[in-house]
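Undergrad: Below is the structure I would like to discuss, written out as C-alpha cells.
The values are calculated or read from the model by the stated rules, or taken from the named source; none is laboratory data. These numbers come from a predicted model, not from an experiment. Every residue, glycine among them, receives a Cβ derived from its backbone with ideal geometry; neighbour counts consider all protein chains shown. What goes into the accessible areas is simple: the full protein's heavy atoms, side chains included, and nothing from ligands, DNA or RNA. Shrake-Rupley method; radii C 1.70, N 1.55, O 1.52, S 1.80 Å.
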Amino acid sequence: MFVHGSRVQLGFRVFCCSYLGKVATMPSELAVKRGSSCPPPPERGKLRLYSMRFCPWAQRTRLFLAAKGIEHETINIKLNEKPKWLFEKNPIGKVPVLEKDGEIVYESLLCNEYLDYTYPDNRLTPSDPVEKMRQSLVLSVFEAMIAGPFYGYAMATEDNYTALSKKLGFGLQHLEKALTQPFFGGNQPGALDYNIWPWFERIFMIQNRYKELSAERIPRLTAWMERMLEQSAVKACYLSPKLHAQFSKGLMAGNADYDAGLQERWSSL
C-alpha cells in the first residue's frame, strides 16, 4: 500500500454500485489518455477505481466492488496512451488501482484483499485459513496455466496450438477437480470465483479450444460458467463477445477502441 498526497480536480466519475445486493450502473465515461490533467483525489471517505473496461485484471476488482455493493467512482485509462499521472498512482503503470483518503493500492489480488478487509460486509475471502490456503493454491495454478499464457493461447495458430493446448488442458482439469460445489466459494460465488471469471468471459477468444472446453471434459466448469453468468455482479461487469472481439481486433491492429460500446449503451438509457 502506498500513500500519496497530491491535490486534484473533479469530474471523472463513471459508475457506482449503490448498496449491497443491488448494483446501480451508469454509462462509463470515455477513457482518459496521455496529456490529460491529473484528476483531483476523491472526496474524503470516497473510493475511486482506476480501470480499463477490457482488462481482465481490472475486471477482477470491478467484480469485487459489484459483488460487495461498494459505492465508488471509476476513471478508465487508455493503456496504449497512459497519462503520466498514472505512474504517480502506480509506478508500474497498470490497472487496477484503488485510491481512498490518500491511500493507494494496486495489483488486482491486493486490491481485492484490501476491499474485503476495508469493507467487511459480504466478505468474499474465506475466513477459514485452511480453505483460504486451498483456494490460493488453486488460483496459483490458474495464474500459471490459464491467465498468464491466455493471450498466447488466443493468438496461437492451428500449427502451434497443439503444444499449448496441453498446458491449457492441465489447468482446466485442475479447476474441474477443485470445483466440488456449485461455486468455488461454496453455494455462493466467492473470491476465487470472481478472480478467475474474467478469463472465462473471454474464453471464446481461444479459437482452437473446443476439445479442452468440451462439456464432456469439464462438465463441472461448464455448469459453473452458466451459473456465473446469472450472478448480478457478473452481469454488471459483463461485456459481450462482440465487444471483446472488436477491442481485440483493434488492439492487434494498433488502433484499439477503449470506448467501444459506450455510444450504444448511452442511447439505450
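Undergrad: Out of 262, 269, which single residue is hydrophobic (A, V, I, L, M, F, W, C), over 30 Å from residue 187 (Cα atoms), open to solvent by less than 90 Å² (accessible area, probe 1.4 Å) and modelled with pLDDT under 90?
TA: 262
Undergrad: Exactly one condition in (1) free of Cβ contacts under 8 Å to residues at least 12 places away in the same chain; (2) part of a helix (DSSP H, G or I); (3) open to solvent by less than 60 Å² (accessible area, probe 1.4 Å) is not met by residue 236; state its number.
TA: Failed condition: (1).
Undergrad: Another question, then. Taking the condition of being over 18 Å from the mean Cα position of the chain (by Cα) and exposed (fewer than 15 other Cβ atoms within 10 Å of the Cβ), how many residues in the range 142-154 meet it?
TA: Residues that pass the stated criteria total 1.
Undergrad: Still on this structure: Of everything in the range 45-78 that's among the aliphatic types (A, V, I, L, M) and part of a helix (DSSP H, G or I), which residue is nearest to residue 256 (Cα to Cα)?
TA: 58
Undergrad: State the number of residues belonging to the range 239-250 that are touching a residue at least 12 places away in the same chain (Cβ under 8 Å) and not in a loop (DSSP other than H, G, I, E, B).
TA: 7
Undergrad: Whether any residue in the range 162-182 is hydrophobic (A, V, I, L, M, F, W, C) and without any contact (Cβ under 8 Å) to a residue 24 or more places away in the chain is what I want to check.
TA: yes
Undergrad: Kindly indicate whether residue 175 is open to solvent by less than 10 Å² (accessible area, probe 1.4 Å) and either touching a Ser or Thr at 6+ places or on another chain (Cβ under 9 Å) or in a helix (DSSP H, G or I) (or both).
TA: For residue 175, the condition - open to solvent by less than 10 Å² (accessible area, probe 1.4 Å) and either touching a Ser or Thr at 6+ places or on another chain (Cβ under 9 Å) or in a helix (DSSP H, G or I) (or both) - is met.
Undergrad: To continue, here is another question. For the range 56-85, how many residues meet the condition of being open to solvent by 10 Å² or more (accessible area, probe 1.4 Å) and within 14 Å of residue 106 (Cα to Cα)?
TA: Count: 2.
Undergrad: Name the residue, out of 120, 91, that is touching a Phe, Trp or Tyr at 6+ places or on another chain (Cβ under 9 Å), assigned to a loop (DSSP other than H, G, I, E, B) and surrounded by fewer than 19 Cβ atoms within 10 Å (Cβ to Cβ).
TA: None of the other options fit; the residue is 91.
Undergrad: If I filter the range 94-117 down to residues being surrounded by 14 or more Cβ atoms within 10 Å (Cβ to Cβ), of a type outside the set (Val, Ile, Thr) and assigned to a loop (DSSP other than H, G, I, E, B), which single residue comes out as farthest from the chain's Cα centre (by Cα)?
TA: Out of the qualifying residues, it is 94.
Undergrad: Restricting the search to the range 213-233, which residues are surrounded by 18 or more Cβ atoms within 10 Å (Cβ to Cβ) and either farther than 17 Å from residue 153 by Cβ or aromatic (Phe, Trp, Tyr) (or both)?
TA: The answer is 224, 228, 231, 233.
Undergrad: Another question about this same structure. In the range 203-212, which residues are in contact (Cβ under 8 Å) with a residue 24 or more places away in the chain and either open to solvent by 30 Å² or more (accessible area, probe 1.4 Å) or within 26 Å of residue 52 (Cα to Cα) (or both)?
TA: If the condition is that a residue be in contact (Cβ under 8 Å) with a residue 24 or more places away in the chain and either open to solvent by 30 Å² or more (accessible area, probe 1.4 Å) or within 26 Å of residue 52 (Cα to Cα) (or both), then 204, 205, 206, 207, 208, 209, 211 are the ones that fit.
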